[in-house]
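Engineer: Here it is: the structure, laid out below.
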Amino acid sequence: MRSFQELKRLAKRACGEYPQARMALLGDSATQLLATALKGEGMARGLALDLFEAEYNQVERQVLDPTSELYGFDADFTVIYQSSHKLLEKFSLADAGTRASLAEERLDFVRTLCRSLKGRIIYYNYPEIGDGVFGSYQNKVESSFIYQVRKLNLGLMDLSREYPNLFICDLSELQAKLGRDFCFDSSVYVSTEMLLSLDALPYVASRTLDIVCAIRGSFKKCLILDLDNTLWGGVVGDDGWENIQVGHGLGIGKAFSEFQQWIKKLKERGIILCICSKNDEDKAREPFEKNPEMVLRLDDFAVFVANWDNKADNIRTIKEILNIGYDSMVFLDDNPFERNIVRENIPDICVPELPEDPGDYLEYLYGLNLFETASYSSADKDRTAQYQAEARRVSSARAFTDEKAFLKSLGMVSEVSGFNGFNIPRVAQLSQRSNQFNLRTVRYTEDQVRALGADSRHQCFAFTLADRFGDNGLICVVILEKQDAGTLFIDTWLMSCRVLKRGMENFTLNTLAGFARENGFKRIVGEYIPTAKNGMVADHYLRLGFTPVPDAPGRLFVLDVDAFSPLDCYIETKQTPYAE
Amino acid sequence: MQNEALLEQVQEIFRDVLDDEEIVLQETSTAEDVEGWDSLTHIQLIVAIEKHFKIKFTSKEILSWKNVGELVDCLAAKLA
């Protein structure tokens, strides 16, 4: 953590080309140094904060008066620091009868805040101050201060779920980690009205900027892990998979188990996990496959790299596979030498200085708050699974020098069907969105898609694609128009770019030609209508063996159905009738 | 430690916190004599001195000093 003095120097620096964000800061105590710390921390992260600092103790006035400077400033982020200390003072001055409604009263104000302010609100929750009036009996007494503080903090969580623009900065958790005596310095308070110690300021600023950056789209997506003495104790190459330290037996194994449990939770939240280890690959995999104490399993990882190459090079490989920025990656390794190599070669990656004792890993990492996020939905888990599938596909492709062998190894299956109640919304969505792999770019709404599906002059196809790594869902749509007894015209052929280079085009044409032959059609005519975005399919029909129509070269193409022999492809058809 | 030696170390701390290598402190120096020494930087100076000498001033002490000399006297008493 940077010292306040360092932040102060950073805050003074010229911000040059940094992107800007407008931040308002309101507090019920002196906030000048917090403002400095926030600016400095912003600079440290490449963000220039244009900061409006309300005058001392003006939270209510600024919020409740629609003509106040706060509304004039129009902040992207409004940071509000109403302190436990001042709350306690208010509590102490209130008559005993109204103390039990303190939390409700404050929550009402926050609700007003959420309704009144544009932009995002970052509200500091309330660190606990045990005033010792009731002792632990305070838990039974609704009108005790602690009872009200805890109720208030819980209420804030509920409000932040209700109001998407409200983000809680967890000062309470931060104080639990750092300690109240670290966070509060009575002589600083007495002489300045400031409620955060100079040492606590950088932590508070950092937690605040974590939220700001996450909202702005900068956050960690991927965790890359070493194995020996990072995920388990010992060296698997020397000790063997059965003798590594993990699990709740003797020794330090439980520290590694708990570490793995934490990593598993991150994966479940949507963080992509990768391994980067200096090991023989088969030895490195053994603990995951055979040791029953291991919490993490091979299928938790998107990319598994174990070899004797330089780790910086291996991380570059991981980056290529995942196609995400280095600044969204975290690398954990117990070995300072490896950490330095990675840091020196890949400056943007985050490489925490893991403590020497594995028993300290977790508490250290908890304190770094590396995985701030501005959104979470249960779908994150599925999205990760798709990411992982793609990553596994790419990393698997690397193992093959022969593309055909790779495609064969995928075990691809496509379900071919007509349009039906289940797939019509997705067909319409693809029709509206596909730009690149789209031969004529004719857009159809859901109603039109439904009508085409039911029209006897048209034959409609919807294709899915799944392989051993995952299911891509519906990815290709073809609509054939029966122009005359012998001719099928391809009114629509579009495909999701996610499945390029899998031979899906060949599979599709084989299917179309099969339909044509079975139903006595002689010709399939395709048309390419160029747009600004569909250049990738300009030669689509030529590549598939169509012949240009002399009157309209480059635009109309024809395929002789009887002369057609099926094209190479490694996709199996999952049989469902494609007729209506 | 002699007050003079302490004054010299305090001066270093002032230079560091206020980012000004030119600062020269005397026992009679007050906030008015030193550029950048205001109520906000005051507490930063105090905390830096506390950390450097591993001592803690009371609020009363902090509010009582009239010049650098009194601060150094107080410091010397704690270190004695």
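The values are calculated or read from the model by the stated rules, or taken from the named source; none is laboratory data. Quick caveat: nothing in here was measured; it's all calculated off a predicted structure. So basically every Cβ, Gly included, is an ideal-geometry build from the backbone, and we count neighbours across all protein chains shown. In case anyone asks, the SASA skips ligands and DNA or RNA and just uses the protein heavy atoms, side chains included. Shrake-Rupley method; radii C 1.70, N 1.55, O 1.52, S 1.80 Å.
Engineer: Would you please list the contacts, defined by Cβ atoms under 7 Å and residues six or more apart or on different chains, that run from a residue in segment A:152-168 that is open to solvent by 30 Å² or more (accessible area, probe 1.4 Å) to a residue that is assigned to a helix (DSSP H, G or I) and small (Gly, Ala, Ser)?
Structural biologist: What qualifies is A:PHE167/A:SER160; A:ILE168/A:SER160.
Engineer: If A:GLY179 meets every condition in (1) over 17 Å from A:PRO127 (Cα atoms); (2) open to solvent by less than 30 Å² (accessible area, probe 1.4 Å); (3) more than 14 Å from chain B (Cβ to nearest Cβ); (4) without any contact (Cβ under 8 Å) to a residue 24 or more places away in the chain apart from one, which number is that one?
Structural biologist: For A:GLY179, the failing item is (1).
Engineer: Something else: Count, please, the residues in segment A:407-433 that happen to be without any contact (Cβ under 8 Å) to a residue 40 or more places away in the chain and of a type outside the set (S, T, N, Q).
Structural biologist: 6
Engineer: Give all pairs with beta carbons closer than 6 Å in which a residue from segment A:186-211 that is over 17 Å from B:ILE49 (Cα atoms) meets a residue that is surrounded by fewer than 22 Cβ atoms within 10 Å (Cβ to Cβ) and acidic (Asp, Glu); count only pairs at least 6 apart in sequence or on separate chains.
Structural biologist: A:ASP210/A:GLU372
Engineer: Within segment A:396-482, which helices (runs of 4 or more DSSP H) (wholly inside it) include 3 or more residues that are closer than 17 Å to A:CYS569 by Cα?
Structural biologist: So the answer is A:403-410.
Engineer: Look through segment A:23-54, keep the residues that are away from chain B (no Cβ under 14 Å), in contact (Cβ under 8 Å) with a residue 60 or more places away in the chain and not in a helix (DSSP H, G or I), and return whichever of them is most open to solvent (accessible area, probe 1.4 Å).
Structural biologist: Going through the qualifying residues, I end up with A:ARG45.
Engineer: While we're on this one: Of the numbered conditions (1) free of Cβ contacts under 8 Å to residues at least 24 places away in the same chain; (2) in contact with a His (Cβ under 9 Å, 6 or more places away or on another chain); (3) not basic (Lys, Arg), A:PRO548 fails exactly one; give the number of that condition.
Structural biologist: The one condition A:PRO548 does not meet is (2).
Engineer: Inspect all residues belonging to segment A:301-324 and state whether any of them is touching a Phe, Trp or Tyr at 6+ places or on another chain (Cβ under 6 Å) and modelled with pLDDT under 95.
Structural biologist: So far as segment A:301-324 goes, no, none of its residues is touching a Phe, Trp or Tyr at 6+ places or on another chain (Cβ under 6 Å) and modelled with pLDDT under 95.
Engineer: Give, as residue ranges, the helices (runs of 4 or more DSSP H) completely inside segment A:289-386 that count at least 1 residues that are closer than 30 Å to A:ASN165 by Cα, of a type in the set (Ser, Thr, Tyr) and assigned by TED's automatic domain parsing to the domain that holds A:GLU258. Outline the logic, then answer.
Structural biologist: Working: elements: A:311-322, A:336-345, A:361-368.
Here the list reads A:361-368.
Engineer: Further question: Inside segment A:481-526, can you point out the residues that are among the hydroxyl-bearing types (Ser, Thr, Tyr) and either more than 18 Å from A:PHE463 (Cα to Cα) or touching a residue at least 60 places away in the same chain (Cβ under 8 Å) (or both)?
Structural biologist: If we filter segment A:481-526 for residues that are among the hydroxyl-bearing types (Ser, Thr, Tyr), which is where we start, we get A:487, A:492, A:496, A:508, A:511.
A:THR487, A:THR492, A:SER496, A:THR511, listed by residue number.
Engineer: I would also like to ask the following. Can you name the residue in segment A:186-210 that is in contact with a helix residue (DSSP H, G or I) (Cβ under 8 Å, 6 or more places away or on another chain) and open to solvent by 20 Å² or more (accessible area, probe 1.4 Å) and is also nearest to A:ASP131 (Cα to Cα) among such residues?
Structural biologist: Going through segment A:186-210, the residues in contact with a helix residue (DSSP H, G or I) (Cβ under 8 Å, 6 or more places away or on another chain) turn out to be A:186-192, A:194-209.
Checking the rest, the ones that are also open to solvent by 20 Å² or more (accessible area, probe 1.4 Å) come to A:186, A:189-192, A:199, A:203, A:207.
Numbers: A:SER186: 15, A:TYR189: 17, A:VAL190: 18, A:SER191: 22, A:THR192: 22, A:ASP199: 23, A:TYR203: 24, A:ARG207: 26 Å.
This residue is A:SER186.
Engineer: Any idea which residue in segment B:16-52 is most open to solvent (accessible area, probe 1.4 Å), counting only those that are away from chain A (no Cβ under 14 Å) and within 11 Å of the chain's Cα centre (by Cα)?
Structural biologist: Checked segment B:16-52; the qualifying residue most open to solvent (accessible area, probe 1.4 Å) is B:GLN26.
Engineer: Restricting to segment A:219-236, name every residue that is in contact with a helix residue (DSSP H, G or I) (Cβ under 9 Å, 6 or more places away or on another chain), open to solvent by less than 40 Å² (accessible area, probe 1.4 Å) and either over 26 Å from A:THR373 (Cα atoms) or modelled with pLDDT of 95 or more (or both).
Structural biologist: If the condition is that a residue be in contact with a helix residue (DSSP H, G or I) (Cβ under 9 Å, 6 or more places away or on another chain), open to solvent by less than 40 Å² (accessible area, probe 1.4 Å) and either over 26 Å from A:THR373 (Cα atoms) or modelled with pLDDT of 95 or more (or both), then A:LEU223, A:ILE224, A:LEU225, A:ASP226, A:LEU227, A:ASP228, A:THR230, A:LEU231, A:TRP232, A:GLY233, A:VAL236 are the ones that fit.
Engineer: Regarding A:PHE145, is this residue open to solvent by 40 Å² or more (accessible area, probe 1.4 Å) and over 31 Å from the mean Cα position of the chain (by Cα)?
Structural biologist: no
Engineer: Which of (1) without any contact (Cβ under 8 Å) to a residue 24 or more places away in the chain; (2) in contact with a helix residue (DSSP H, G or I) (Cβ under 8 Å, 6 or more places away or on another chain) is the odd one out, the single condition A:LEU365 does not satisfy?
Structural biologist: Status for A:LEU365: all satisfied but (1).
Engineer: Take the residues in segment B:53-64 that are open to solvent by 40 Å² or more (accessible area, probe 1.4 Å) and of a type outside the set (Gly, Ala, Ser), then tell me which one is farthest from the other protein chains (Cβ to nearest Cβ). Working first, answer last.
Structural biologist: Here is the first cut: in segment B:53-64, the ones open to solvent by 40 Å² or more (accessible area, probe 1.4 Å) are B:54, B:56, B:58, B:60-61, B:63-64.
Still in the list and also of a type outside the set (Gly, Ala, Ser): B:54, B:56, B:58, B:60-61, B:63.
On the way: B:LYS54: 14, B:LYS56: 8, B:THR58: 7, B:LYS60: 9, B:GLU61: 8, B:LEU63: 6 Å.
Among those that are open to solvent by 40 Å² or more (accessible area, probe 1.4 Å) and of a type outside the set (Gly, Ala, Ser), it is B:LYS54.
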